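Chemist: Structure incoming, see below.
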Ligand code: ATP
Ligand code: MG
């Protein structure tokens, strides 16, 4: 196997024509990888993605070849997948207002150029899910919102329309499925690639706590930050530090590591109904 790319969280190896995508226990906030790993995070993300890819297969083709045919040293946190030509768009669907979406709304009443009604607050449910794509920024830079026209310019009108349609369909299925376990999917980020036949294929990870905001439905209350089964806890911890959000990131104290791990595991258990 040859190391092809080492991302913030995952390492990609080639194995013949296939890719082996290995999820590490690394965690990044504000696009900076922190020096302290979160135990089991890589396996949680891998196993949850595999669970979802299966349940989305009637909506969109996915890149997974096998979750088990991987080198023993990576077992449980790696997938064998098809190597795709990735599209240069982070496909985000939002059903609720949070994060960067909230920031843009507060400034100008839109998200990714999509106008929203007045009077929404942090955590508000949107009238309907919206497609709010961003760029895929190179290492060290932050993603930026793209309007739908920007997506058309980047990938062409047909592909842009298909990306929007697939992103909203995956979000809607994901949100409906998670709702049965009392979880709100506030937003989620998808990545698509193109296969050798020109087909659009869902890649990367899907509906995980790293790519989505998951909120417990019984604690949801618009107008304040929401309790979240994801990195939000780490972001809030980091806001109390004297850190300017550039590398190197701060060491995470043991209690914060344990609480973060517990949130990832709880997301997995609640969504899949399986014990970790
Ligand atoms: P970067 O790669 O810019 O650091 P990142 O931190 O999001 O971004 P990771 O998520 O750690 O990167 O690594 C996953 C990488 O693998 C992403 O660049 C993603 O686009 C790419 N990828 C995922 N699935 C496939 C696939 N089937 N074929 C090719 N590339 C893929
Ligand atoms: Mg990524």
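The values are calculated or read from the model by the stated rules, or taken from the named source; none is laboratory data. Note that the coordinates shown come from a computational prediction; the quantities given were computed from them, not determined experimentally. Cβ sites come from the backbone with ideal geometry, for glycine too, and all protein chains shown count toward neighbours.
Chemist: Quick one: which residue in 202, 234 is in contact (Cβ under 8 Å) with a residue 24 or more places away in the chain and within 16 Å of ligand 2 (Cβ to nearest atom)?
Modeler: Exactly one residue qualifies, and that residue is 202.
Chemist: Determine which single condition residue 64 fails, assuming it passes every other condition in (1) out of contact with any helix residue (DSSP H, G or I) (no Cβ under 7 Å at 6 or more places or on another chain); (2) farther than 19 Å from residue 265 by Cβ; (3) within 13 Å of ligand 1 (Cβ to nearest atom).
Modeler: (1) is the only condition that residue 64 fails.
Chemist: Would you point out which residue out of 253, 247, 222 is within 16 Å of ligand 1 (Cβ to nearest atom) and outside the structural domain of residue 89 (by the TED database)?
Modeler: Selected residue: 247, the only one of 253, 247, 222 that is within 16 Å of ligand 1 (Cβ to nearest atom) and outside the structural domain of residue 89 (by the TED database).
Chemist: State which residue is nearest to ligand 2 (Cβ to nearest atom) when the search covers only the range 35-51 and only residues that are closer than 25 Å to residue 253 by Cβ and crowded, with 21+ Cβ neighbours inside 10 Å.
Modeler: Per the stated criteria, the residue is 45.
Chemist: Related question: Are any residues in the range 163-210 touching a helix residue (DSSP H, G or I) at 6+ places or on another chain (Cβ under 9 Å), more than 16 Å from ligand 1 (Cβ to nearest atom) and part of a helix (DSSP H, G or I), and if so, which ones?
Modeler: 164, 169, 173, 174, 177, 178, 179
Chemist: I would also like to ask the following. Take the residues of the range 5-18 that are assigned to a strand (DSSP E or B) and more than 14 Å from ligand 2 (Cβ to nearest atom): which is nearest to residue 42 (Cα to Cα)?
Modeler: 13
Chemist: If I filter the range 211-221 down to residues being assigned to a strand (DSSP E or B) and over 9 Å from the mean Cα position of the chain (by Cα), which single residue comes out as nearest to ligand 2 (Cβ to nearest atom)?
Modeler: So the residue we want is 214.
Chemist: OK, next. All but one of (1) under 28 Å from residue 241 (Cα atoms); (2) more than 9 Å from ligand 1 (Cβ to nearest atom) hold for residue 10, so report the exception by its number.
Modeler: (2)
Chemist: Taking the range 86-106 as the region of interest, how many residues are farther than 22 Å from residue 235 by Cα and out of contact with any strand residue (DSSP E or B) (no Cβ under 9 Å at 6 or more places or on another chain)?
Modeler: Count: 1.
Chemist: Looking at (1) in contact (Cβ under 8 Å) with a residue 40 or more places away in the chain; (2) touching a strand residue (DSSP E or B) at 6+ places or on another chain (Cβ under 8 Å); (3) closer than 26 Å to residue 183 by Cβ, which is the only condition residue 50 fails?
Modeler: The failed condition is (1).
Chemist: While we're here: Quick one: how many residues across the range 19-32 are away from ligand 2 (no atom under 11 Å from the Cβ) and in contact with a helix residue (DSSP H, G or I) (Cβ under 6 Å, 6 or more places away or on another chain)?
Modeler: The total comes to 4.
Chemist: Pairs only if they're at least six apart or on different chains, beta carbon under 8 angstrom, first in the range 4-16 and more than 20 Å from residue 28 (Cα to Cα) and free of Cβ contacts under 8 Å to residues at least 60 places away in the same chain, second assigned to a loop (DSSP other than H, G, I, E, B) and more than 12 Å from ligand 2 (Cβ to nearest atom); list them, first residue then second.
Modeler: Taking only residues 6 or more apart or on different chains, the pairs are 13/1.
Chemist: Can you confirm whether residue 134 is under 25 Å from residue 192 (Cβ atoms) and touching a strand residue (DSSP E or B) at 6+ places or on another chain (Cβ under 6 Å)?
Modeler: When the stated conditions are applied, residue 134 passes them.
Chemist: If you don't mind, there's one more thing I want to ask. Mind counting the residues in the range 13-40 that are over 21 Å from residue 3 (Cα atoms) and touching a strand residue (DSSP E or B) at 6+ places or on another chain (Cβ under 8 Å)?
Modeler: 1
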